[in-house]
1. Once the whole set of protein chains is in place, how much accessible area is left on residue 121, using a 1.4 Å probe, in Å² to the nearest 10?
2. From the phi angles alone, apply the Karplus equation (6.51, -1.76, 1.60; θ = phi - 60°) to region 62-74 and give each ³J(HN,Hα) in whole Hz, x where the residue is Gly or Pro.
3. With the Cα gyration tensor of region 31-84 giving a ≥ b ≥ c as the square roots of its eigenvalues, does the rule (a/c under 1.5 for rounded; else a/b larger than b/c for prolate; else oblate) give rounded, prolate or oblate?
4. Under a Cβ-Cβ cut-off of 13 Å, what is the net charge of the residues other than residue 71 that fall near it, where Lys and Arg count +1 and Asp and Glu count -1?
5. Hey, what do the phi angles of region 34-40 turn into as Karplus ³J(HN,Hα) couplings, whole Hz, using 6.51/-1.76/1.60 and θ = phi - 60°, x for Gly and Pro?
6. By the gyration tensor of its Cα atoms, with a ≥ b ≥ c the square roots of the eigenvalues, what is the shape of region 65-106: rounded for a/c under 1.5, prolate for a/b over b/c, or oblate?
Amino acid sequence: MNTLKFLRPALIAGALIFGGIPTMALAQTAYLEITLNVVAADRPAAAAVYSKYKQPFLNTVKGALSKQLLVRDEDVQVLHGFDNVADAQAYLTSDLFKNDVVKELAPLLKSAPEVRVYTGD
């Protein structure tokens, strides 16, 4: 088998494929996942912050596509959809995020939030 041919990238359905393993090098969308450690008693307050800023996020943040609240026994996650990674990362330094969302959520958090940015198709 020709090893170089095996490693040659191919474009398939918007994903870059190296040796049969898809990568997201050409992905068009991004997801910002913020995991919040909030005790059960404070979750209604955290959900209220989510609800309060969902529409302003969708209406004013560059590249914003979606925002979802995910709740499980261990924690609460907010999943934000963006046009691209740059817009997702820029949101983390925006006035809406720093001056509004973070300030209102801070008293409810048991620990620092986990922030991850993913690429998608």
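The values are calculated or read from the model by the stated rules, or taken from the named source; none is laboratory data. Since the model is a prediction, treat every value here as computed from it, not as a measurement. Positions of Cβ are generated from backbone atoms using ideal geometry, with glycine treated the same way; all protein chains shown enter the neighbour counts. Protein only, heavy atoms only, side chains kept; ligands, DNA and RNA dropped before computing areas. Shrake-Rupley method; radii C 1.70, N 1.55, O 1.52, S 1.80 Å.
1. 140
2. Result, rounded to whole Hz: 4, x, 5, 10, 7, 8, 10, 9, 10, 10, 9, 4, 6.
3. Because a/c hits 1.5 or more and a/b fails to exceed b/c, region 31-84 counts as oblate.
4. -2
5. 10, 9, 10, 8, 10, 5, 3
6. Working: a/c = 2.66, a/b = 1.22, b/c = 2.18.
Note, shape of region 65-106 comes out oblate.
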